[in-house]
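Chemist: There's a structure below that I have some questions on.
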Amino acid sequence: MTATKPQTPLERSDVSKLLFLDTTPARFLVVLFVVSNAVFTVTTAHVLAHPSAAYVAMLIVSATAVLLVRTHPDPFPARDTAVVIAAVVISSVMMAYALPDEGDLGRATWHLGSNTWLLFFVAVRRRAWFAWLGMALMAAITAAWGASAGRGALTGITMLDTHIGILLVGTLFALILRRTSARINALNERSVSSAADAAATDAARQVRRARVTELAEVAVPLLERIAAGKAADDDLRKEFSLTEALLRDSVRGRSLAVPAVVDAATQARRRGVEVTILDDRGSAPSDGASLSRLVDAIVISVTRAHGGQVTVRLLPEGRPTALTIVAADGDEVDRVTLAEDGFPIASLGGDGRGH
């Protein structure tokens, strides 16, 4: 029996998880974002040249915010990223059409801040280059509007100075969070590895204790008889031989040393049969029905033997043949070959033909 480390599923952290973007509070913030956009649109509609275009832009921006908090491991999906950039461009074009050429704009340019926050979270979700592409396109559209409206392209650019700073902060913030996330993942991996090592050590300790208990149950009575000074007659010598064979089976044929096989092998040895059990695999088949068929085949072969030798061998995992049983008594040799499922592959007689 070999102790193995448990395979513990490890949930990796990323920026979205650190910011809890898939939680109810995050969705509540999205609702506030949508409401704010609606309020700004309604309250500034009177200063717009084309209010209907602003309403369309508001719907586009608000719908895109919902997309950004969709549960998905970072980086944000490329297709969804393209949708966000497209939404930024389309809403900027719509608002450029809606804005008046003259007069104070006030909150009528709400779309610049809203789109910047969309790009902020695109950058946070490991799509910084696309976020800056969106900012560049929005700046180009705003500059073009400023030039066409007679306000000047530079005026359009300066309307974005604060927003560019916000996106820069978002990009740096994302870098810091990614490093934090990497450290968290490293700590989690070390913690899981330590727990697995501890579990493997505990399992190995339990195996050793079980083997000591088995050894004590088998060997101690005989050792006590020796310590008592009892003369070693033929019967006692035979018990020594059987005990030695049993201990050998528990080491060399560990996976096959189940009660049914042990009992059959012990009885066969009492009849003078030399039984050898070898485990070259290290573990029994995991399927209970298959293991039961393998054990039944061993018991039958060993029970039938009344002399000679019987060699049982569990082969390494991954081979077509899982178990071989060779019974030799004089010139007669029987070989049984079993597959992983416990069913026979071949049964050959001493002449090499089917027997």
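The values are calculated or read from the model by the stated rules, or taken from the named source; none is laboratory data. Note that the structure is a prediction, hence the values are computed from the model and not measured. We place every Cβ from the backbone using ideal geometry, glycine too, and count neighbours over all the protein chains shown. Note: areas computed on protein heavy atoms with side chains; ligands, DNA, RNA excluded. Shrake-Rupley method; radii C 1.70, N 1.55, O 1.52, S 1.80 Å.
Chemist: Taking segment 263-317 as the region of interest, how many residues are in a helix (DSSP H, G or I) and of a type outside the set (Gly, Ala, Ser)?
Modeler: 16
Chemist: While we're here: Looking only at segment 339-346, decide whether some residue is farther than 27 Å from residue 209 by Cβ, at pLDDT below 85 and not in a loop (DSSP other than H, G, I, E, B).
Modeler: yes
Rundown of residues vs (1) surrounded by fewer than 18 Cβ atoms within 10 Å (Cβ to Cβ); (2) modelled with pLDDT under 90; (3) closer than 15 Å to residue 344 by Cβ, yes/no style:
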residue	(1), (2), (3)
270	yes, yes, no
284	no, yes, no
297	no, no, yes
307	yes, yes, no
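Chemist: To continue, here is another question. When you go through (1) open to solvent by less than 50 Å² (accessible area, probe 1.4 Å); (2) outside any helix (DSSP H, G or I) one by one for residue 246, which number turns out not to apply?
Modeler: Of everything listed in (1) open to solvent by less than 50 Å² (accessible area, probe 1.4 Å); (2) outside any helix (DSSP H, G or I), residue 246 misses just condition (2).
Chemist: Related question: Would you call residue 276 within 17 Å of residue 344 (Cα to Cα) and touching a Ser or Thr at 6+ places or on another chain (Cβ under 7 Å)?
Modeler: No.
Chemist: With respect to residue 79, determine if the residue is out of contact with any strand residue (DSSP E or B) (no Cβ under 8 Å at 6 or more places or on another chain) and at pLDDT 90 or above.
Modeler: yes
Chemist: Then there's this: Report whether or not residue 42 is in contact with a helix residue (DSSP H, G or I) (Cβ under 8 Å, 6 or more places away or on another chain) and modelled with pLDDT of 90 or more.
Modeler: Against the criterion (in contact with a helix residue (DSSP H, G or I) (Cβ under 8 Å, 6 or more places away or on another chain) and modelled with pLDDT of 90 or more), residue 42 does not qualify.
Chemist: Starting from residues that are of a type in the set (Val, Ile, Thr) and modelled with pLDDT of 80 or more, keep the ones in segment 232-268 and report whichever is nearest to residue 296 (Cα to Cα).
Modeler: Only one residue tops the list, namely 261.
Chemist: Under 8 Å between Cβ atoms, at least 6 apart or on separate chains: pull out the pairs that start in segment 318-334 with a residue that is on the phi > 0 side of the Ramachandran plot and end on any residue that is surrounded by 17 or more Cβ atoms within 10 Å (Cβ to Cβ) and assigned to a strand (DSSP E or B).
Modeler: Once the first residue is on the phi > 0 side of the Ramachandran plot and sits in segment 318-334, no partner that is surrounded by 17 or more Cβ atoms within 10 Å (Cβ to Cβ) and assigned to a strand (DSSP E or B) comes close enough.
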